[in-house]
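What follows is a set of notes on a single structure, which appears directly below.
Read-outs: derived from the displayed coordinates by stated rules, not from any lab. Treat the numbers as computed from the prediction; the structure is a model and nothing was measured. FYI the Cβ positions are ideal-geometry reconstructions off the backbone, even for glycines, and counts take in every protein chain you see.
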Ligand code: SF4
Ligand code: SF4
């Protein structure tokens, strides 16, 4: 779906601005900080564990339509997977060669579309939290593109918003079932379910697990699903082989693409990279995004318009970037 560039004339409602704390969300996120540090809990964490909890509660109370209740990830009666079982007393033998394909097969035979393995690192764990197990099984589930493409949701057309909840619930079910499967084999396992934040910072973990590259819109770009997917994870002490990051030219493509920047109503997507907690990366202005995101059913315009998200386009873009890299390498060799 092609959209005209937004006029960027959105003005946040005063009642939302009034709920912002004195500290900027960009400061919480470490924008401009030159030294590395672990990420701080932010907007999606429990309200009492972060600076913007009051804002989160206000947005949820004001802008969620009652019609979402029967599929909301906040509704305890919605199916987000089975009750968790205890770890079996007897541990089934096997090394990483055995368990890695078995676990990946289990995840993909369930409701998931992506699976990858990566170690727990300090970058993946929010300040004030701990993850006991050393390894993460990252899980991805794809949006239904036709619904996502209608973002943002509205009371008249909540399709994209409903799909967001449906996919987070699907990812949660896979993580819960995988947790029980690993526990039944006698290994420790702890699920991490989105979108409410816990110990695990999912995006860097998923990038490390080979799900894709960070895009200018602050979400990941996967070589099959573009930016149209959601995450969950299971931490475990089961022996597993680690995956590697998958770089296919998306970062380079973003340098010259302005589709999400132009489409974002509050102009929250910054056109250039920034230093954030010691790393140079794409960055979305939290203080500009959140009011629009809150007022418009979790928005999602930026991931919907990203060319990689449109079915059938990602493969062509990857090929194009590979050709460009090959030509540049050839030119360099001729120097
Ligand atoms: S989710 Fe945020 S960054 Fe993305 S288009 Fe909406 S307002 Fe902009
Ligand atoms: S819309 Fe363009 S600039 Fe934005 S993340 Fe996608 S490819 Fe990158």
### Ascending count of other beta-carbon atoms within 10 Å, so fewest first, for 49, 104
49, 104
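Once you have the Cα-Cα distance between residue 79 and residue 273, take 0.36 nm times their residue separation minus that, and quote the gain in nm to one decimal. List each step's numbers first, then the result.
On the way: separation 194, 0.36 × 194 = 69.84 nm, distance 3.91 nm.
Result for the pair: 65.9 nm of gain on full extension.
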### Query
What is the Cα centroid distance between segment 316-332 and segment 1-79, reported in whole angstrom?
39
### Task
Would you mind getting me the FRET efficiency between residue 280 and residue 258? Use the beta-carbon distance for r and R0 = 22 Å, nearest 0.05.
0.70
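Pull out the extension gain between residue 97 and residue 63, defined as 0.36 nm times the separation in residues minus the alpha carbon to alpha carbon distance; nm, one decimal.
On the way: separation 34, 0.36 × 34 = 12.24 nm, distance 4.84 nm.
This chain segment gains 7.4 nm when fully extended.
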### Summary
Quick note on 179, 127, 51, ordering by fewest other C-beta atoms within 10 Å, gives 127, 51, 179
### Query
Over what distance in Å are the Cα centres of segment 164-243 and segment 252-287 separated?
24
## Note on the structure
Each label sits 7 Å from Cα toward the beta-carbon; between residue 123 and residue 320 the label points are separated, in nm, by 2.8
### FRET E, pair residue 184, residue 328, Förster distance 51 Å, beta-carbon r, rounded to 0.05
0.50
### Query
Once the piece of chain linking residue 36 and residue 130 is laid out straight, how much longer is it, given 0.36 nm per residue of separation minus the C-alpha distance between them?
32.0 nm
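For segment 14-330, what does the alpha-carbon gyration tensor say about shape, rounded, prolate or oblate, given a ≥ b ≥ c as the root eigenvalues, a/c under 1.5 as rounded, and a/b over b/c as prolate? Before the final figure, lay out each step's value.
Values: a/c = 1.44, a/b = 1.16, b/c = 1.24.
It comes out rounded by the Cα gyration axes.
For each of 7, 273, count neighbouring Cβ atoms within 10 Å of the residue's Cβ, then give the residues from fewest to most.
Values: 7 8, 273 16.
By the 10 Å Cβ count, ascending, the order reads 7, 273.
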